[in-house]
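The values are calculated or read from the model by the stated rules, or taken from the named source; none is laboratory data. Please read these numbers as outputs of a predicted model, since none were measured by experiment. Ideal geometry is used to build each Cβ from the backbone, glycine not excepted, and the neighbour counts take in all protein chains shown. Surface areas here come from the heavy atoms of the whole protein model, side chains and all, with no ligands, DNA or RNA. Shrake-Rupley method; radii C 1.70, N 1.55, O 1.52, S 1.80 Å.
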Amino acid sequence: MSPSALLVVERLSKHFGAFQALDGLSLKLASGEILGLVGPNGSGKTTAINVISGVYTADAGTIHFDGQPVGGLPIHRRAHLGINRTFQVPKPFKGLTVSENLEIAAVYSGAGRDEIGKCLEFLELAPLAGREAASLNSAQQKRLDLARALIARPRLLLVDELAAGLNPAELQRMAQTLMTIASSGVALLVVEHLLSFLRELTSRVVVMDAGREIFEGPLDVAARDPQVIDIFLGG
Amino acid sequence: MDYWAKGCGLPRGGWYSVGVVALFIVLPFVYGNHDLLFNMMMYLALAQGINVLFGFTGYLPFGYVGFFGSGAYGASLAVLLLHLPPVLALLVGAVIAVLLALLLAPLLRLSGAYFAIASLAASEVVYYIVSNPHLESLTQGPYGISLARAYDADASYAAMVVVLALAFGVVVYLRNSHLGLALQAIREEPVSAEFAGVNVVRERTCAWLLSAALAGLAGGTYAWHVSVFYPKSVFDLNISVFAIVFTLFGGVATLLGPIVGTLLLYGLYNWIGISQPEYFQLVFGIVIVMLVLFLPNGLASLLRRVNVHVP
Amino acid sequence: MIAYTLLAGLLFGLYFSLVAVGLNLVFGVMRLINLAHGDFLMLGAFLAYGLYTAAGVNPVYAIPAEIVAFVLAGIALYYAVVPRLLSSRDPEMLSFILLFGLSQIIEALAVIAFGNDQRAIPATVFGARPVTVFGQTFPAAWVVSGVVSAAAILAVYLYLYRSRLGYATRAVMASRDEAASTGINVHRVSAIALGVGLALAAVAGAFSPFMLGSIEPDMGIRITTVSFAVIVIGSLGNPLGTVLGGLVYGLGLMLMETYFPSWADMLPYVLLILILLIRPSGLLGQRVRLA
Amino acid sequence: MSIRPLLRFWLFAVAVLSVAFFGSTAVQAAPMPKEIRIGTLYADSGPFAVSSQSQLQGLEFWVDHVNREGGVYVKAYGRKLPVKLIAYNDRSSTTTAATLYNQLITQDHVNILAADFGSVLTSVAVPIAQEHKMLLFDQTGTGANFFTNDNPYIVLTSLPTSGIWPYALADFLKTQKQIKRAALLYATNDFTGSQAQTLRRRLQGSHVKLVFDHGVATSTSSYALLLHNVQAARPDAVIEFGFPNNDIAFLHDLQASGMKFNMVFTIFPGQLFALMEKSVGDQTLAYTYTYPTPPLLVYNKVNYGMGLNDFQQEFRQANGKDPNFLNIAGFNTGLVIQKTLQTAARLDQLALRRSIVAFSGRLHTLNGTFKIDHITGAQIGENLPVGQFIPGKHALTVRMLYPPDLATGKPVYPAP
């Protein structure tokens, strides 16, 4: 195991009934690195995030985080260790205020008032701090979802379809935000449909199909790979 | 983090609790129907118990009366079989209720309405076990309990004042503590709460046990106060129903909501209840329907709409 | 003895399928648990009782009146509250509480209108002689109730699987949004389903004096819980699965009544909890509903 | 923070309002009463509604009756005072009942406290009355554990304690040589549980063998399967002890099943004949056995208050219907209260109790001989005989069978 790899995933499998969602997926990710995860619908991208973050337990395979096996830990224990995520459909605590949304995680990560303030500033939520989360629009809720994950001081952040539904200006700012996060040393695993968005973030992607990795390497090379083209067009 | 308000010795909402408790200490000297006061305190405590579970975690315990009844039986049997003094027996009642809650903790895996109905079923099961004629040597079966020797109207009244203070204390704590916030997070989005670092299973079980303990204490104290009762009267579904509606009416997840809901509705119950009781259930039903359709967050949400903070 | 118990269990099983099937239909279509289900059954019982005492109408002939009255009531109820509820933030919990309030209102009105006397329809309406089935002798009313229940379940099958309306209803059960997008009038289909659900409860109510004991205004919540147990045992949201649930429950109840009578009352509750915890999708179903 | 004073004011307002609300009902008792206040409860809904309302009707009838005659003579004041009845509705709930008993004592300051119908609703009154040192006129709460040596604040007026109800029944069974196998089916509550216990004990060692002995929940409303079990035990006599709803369901299911037993006994046809007749029909009741009570049973030795005929006539005039037993029970409570007030030198509650002890055993009303256990206050005078319904030309009549001094004929056994 290379000392630089923060996350090492090996031969992960997961099935739902007869459907094999993950079929021996392996990944490596280092601190500060951004890895894109792409593939057609149903190829297992979101399942991968769900298994790494602990929402589902894998049928087989191992997940090591910082050299420690985490595959059997419940979600909150992984969150304490520094694995966190956002959701495709954001899931803030709708009945609580924006700042209360962050206070919950802050207690476990040890983040103080000023850190919550900075985080709100960073994600352009500061003016909304006292508002009920339910009253936020969907772009704001996405940023709140990200803020909730950041205030837990993650070392690995799993980002699920963040770009969907954002306008070009918002996309631009969101890409900036993610790169700032990565530059502070956080490893990012980004599941994304919007390849132009992903291209701004990273050069390295893993292409999945039927729960398996079929390509790993720069995005531009992937775009020329016949197998990749085949699944995207044929699928 | 300044969860604890500055400038006074008590956390937010503390003064209101002290005020209500003081009221029930003073009222017996000016008003003679202590049973009415006692029942009002009992429902205030039960409403707060419902509030701890339903208000903070979103689990609606229709079978809440199961804990009340097991507290009543636990305390009574501690007096009758173990010959404990009543005050210790109340604690036994609470412990029995908590043990029952631990046994039923797997029900928390169910969501929403399933949990509500399953908890109702659980309380019925406890009722049928307690009242089964085959267990007469242990629980007196359907023949009911008589605590004539331990009967003490004033001491049991005082005990209920303490239970009420405890119930308020728990809610004030939850309103002002990280645990309370974490519970509300679980109610809103359990998965996000996990990612915020909350041990969802542990915290909601904690709320479940706290809530059960309050009901157990209230049930034990009720048993002591009436001293003669039948299984049906301490496992009466109406006890759950009253406490739930009082809480909903005032507004969940606040301290004042259930207090105001209980004072208004239970006051109404005794007012109509003495003259024209047949219409009370009707009024009750209409209140529930109107609440759901027009004011799902209770009276407290009216105040919140005009930007008043409700402790 | 065992043959008698099993046959009685079969008759009661069919009857409990009828008691619960309406609740399951409403759940399947609207994803809400009708907490007032048992109260509608109680109203159906009082309607049959009223028709019997006023005009000597045999409960079997009261069925058409029950169906008309309760289908209309169901449609009215649907349009009065459901669309508003479905658009709220937590429709499942809110509708549950609202229907609970409705159950309180119905019970209170029934007390005000009928008083609290327990009422019964004499079993002699079906002839004074008991009926012999496979060598076992049963009260005639049990056999009639069993036959009516079987016919009603068959009618539900024909409605769901052999009619255009039923096709649309099943589409709504599969997915409300997709059904709407294919041009099905979801509200109309749901309103009729609620009406049918209530009418089935009411028909069961007409026979409750013979199967469940005397009629009283506060019988509703108990029947709702038993019905819920039956549909959970069968399969939530699958109306025909109710038959399996009803038979399991009916047989279980009769066996308990025969061999452990003092514990029989807690059977539905124990079954309900066990099934919810161990096999939440019921004996037939697939759906998972854990938090 | 600026809203805090506002909320504190609000809470203060709630407190003031509640003090005002509760305080306003606090009325102090006048030192020299202009009337005798009698407080009681009734239930207009719930399981006890039917019986409770009948009992209240009887008590109200007595109140109207004495008030028409200028009130009740109160020895303590040496003159007649009008009677005011304060009756609250507890809807069969013990929790509500406790509050309301308390209301009667502490807010209405009643002179006389009478319980609601039956053991369940009376149970909560027992400790409350003792606590406030009020004598409880327990009308029909027959639970044995209410009557203890250390509580002088209770007296049972209109029924014997349930434990002694089956004395005559047990003795009757022992005289019937053809009855060798008996089945006992009872509802598990104080009232019928204690009767089952007594019957069991009294039949021990006799030629009557209990071949079936089973308790069912009081809420039982279907007896079909139980009857099947009973039949399997091949009894000569089937004794069913239950509340009215149990008896109705039992008789109803017995008829539907088409089973025949040589002897069937139930409690309530003898007390609530009109209700039972309406619910299960004459045909079902024919040849069954019961405890006949007034008006089915006529006590001729009446030395206080109206005789049965006068009562029936006046009651019919006043209420437009024939009285049932619980009407008589409520009325009888009134008579006992009347006699107490006439003989007690003071209105102090223990003085009331002493005067009751003094006339106990010498008061013969239409409900039989009023006699209490001097120590516990339990009723031991008004025994319950055994009778059988015999179809007459137009209606059922009751043939008294046991004890011999009341007997009007021989049983029809086996039932045809």
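For this structure, a couple of remarks:
- Accessible area that becomes buried as C packs against D, both chains, 1.4 Å probe, Å², nearest 100: 1900
- Summed residue charge, Cβ within 11 Å of residue B:118's Cβ, Lys/Arg positive, Asp/Glu negative: 0
- Within chain A, helix-based [θ] at 222 nm, where runs of 4 or more DSSP H residues each add -39,500 (n - 2.57), nearest 500: -11000 deg cm²/dmol
- Under-5 Å amide H pairs with residue D:89, H placed in peptide plane, nonlocal only: D:42
- Between the Cα long axis of helix C:220-234 and the first principal axis of chain C there is an angle of about 80°, rounded to the nearest 10.
- Normalised size of chain D, defined as Cα radius of gyration per 2.2 N^0.38 Å with N residues, equals 1.08.
- Using the rule -39500 (n - 2.57) for each DSSP H run of four or more residues, divided by the residues of chain B, the 222 nm mean residue ellipticity is -23000 deg cm²/dmol.
- Hydrodynamic radius (Kirkwood) for the protein assembly as shown, which is based on Cα pairs only, to one decimal in Å: 33.7
- Protein accessible area in the stretch B:2-305, 1.4 Å probe - carbon and sulfur %: 69
- Close amide-amide hydrogen proximity is noted between residue A:213 and A:26, each under 5 Å apart and 5 or more residues distant or on a separate chain (H modeled in the peptide plane; Pro and chain starts excluded).
- Sorting the segments D:367-380, D:314-327, D:119-132 by their mean number of nearby beta carbons within 10 angstrom, highest to lowest, gives D:119-132, D:367-380, D:314-327.
- 222 nm mean residue ellipticity, helices alone, for chain C (DSSP H n ≥ 4; -39,500 (n - 2.57); rounded to 500): -25000 deg cm²/dmol
- Sequence ranges B:45-52, C:130-137, ranked by mean other-Cβ count within 10 angstrom, highest first: B:45-52, C:130-137
- With all pairs of separate Cα atoms included, the stretch D:308-377 yields a Kirkwood hydrodynamic radius of 13.3 Å.
- Cut-off 14 Å between beta-carbons: net charge of the residues surrounding residue A:148, Lys and Arg +1, Asp and Glu -1: -2
- Residue among B:211, B:76, B:137 with the largest mean-square fluctuation in a Gaussian network model of chain B, springs linking Cα atoms under 10 Å: B:137
- Positive-pole candidate from A:90, C:30, D:307, dipole of the protein assembly as shown, charges at beta carbon: D:307
- Interface residues in the stretch C:261-280 - accessible area drops by 40 Å² or more relative to the isolated chain, probe 1.4 Å: C:261, C:262, C:263, C:265, C:266, C:269, C:273, C:276, C:277
- Using a probe of 1.4 angstrom and keeping all protein chains present, the accessible surface of the protein assembly as shown works out to 36 square angstrom per residue.
- Mean per-residue shielding of peptide D:226-236 is 2, counting Cβ atoms of other chains within 10 Å of each Cβ.
- Radius of gyration and maximum dimension Dmax of the stretch A:92-152, Cα, Å: 10.0, 29
- For the stretch A:11-76, the Stokes-Einstein estimate of translational diffusion at 25 °C and a viscosity of 0.890 mPa s comes to 195 µm²/s, using the Kirkwood hydrodynamic radius over alpha-carbon pairs.
- Helix B:280-294 vs. chain B, principal-axis angle (Cα, 0 to 90°, nearest 10): 20
- Per-selection Kirkwood Rh - the stretch B:2-305 (Cα, Å, 1 d.p.): 19.5
- Per-peptide packing, taken as the mean over residues of other Cβ atoms within 10 Å, places D:206-216, D:73-83 in the sequence D:206-216, D:73-83 from highest down.
- Peptide A:100-109 has a mean shielding of 6, counted as Cβ atoms of other protein chains within 10 Å of each residue's Cβ.
- Net charge in the neighbourhood of residue C:185 (other residues with Cβ under 15 Å of its Cβ; Lys, Arg +1, Asp, Glu -1) is +2.
- Flagged links, alpha-carbon separation over 31 Å, of A:14/A:118; B:232/D:321; A:14/A:91; B:232/D:278; B:232/D:301: A:14/A:118; B:232/D:321; B:232/D:301
- Nearest 10 degrees, 0 to 90: helix C:91-114 Cα axis against chain C principal axis: 40
- Stokes-Einstein D in µm²/s, Kirkwood radius over Cα pairs - the stretch D:205-281 at 10 °C with 1.306 mPa s viscosity: 122
- Cα-Cα over 18 Å, subset of D:260/D:393; D:80/D:339; D:339/D:371: D:260/D:393
- Over the stretch C:66-189: Rg over Rh, Cα atoms, Kirkwood Rh: 1.09
- Once you divide the Cα radius of gyration of chain C by 2.2 N^0.38 Å, the number left is 0.97.
- Springs between Cα atoms under 10 Å define the GNM used for chain D, and in it the highest mean-square fluctuation of D:292, D:403, D:166 occurs at D:403.
- Taken residue by residue and averaged, Cβ atoms of other chains lying within 10 Å of the Cβ of B:222-234 number 5.
- Where B meets A: accessible area buried, both sides, 1.4 Å probe, Å²: 2000
- Share of carbon and sulfur in the accessible heavy-atom surface of the stretch A:92-152 [1.4 Å probe, %]: 51
- In Å, descending, principal axis extents of the Cα set of the stretch D:93-222: 59, 32, 20
- Taken as Cα centroids, the stretch D:261-279 and the stretch B:143-194 sit 49 Å apart, rounded to the nearest whole angstrom.
- Remark on the stretch B:159-311: ratio of C-alpha radius of gyration to 2.2 N^0.38 Å is 1.16.
- Label-to-label distance for residue A:210 and residue A:225 is 1.6 nm, based on points extended 7 Å past Cα in the beta-carbon direction.
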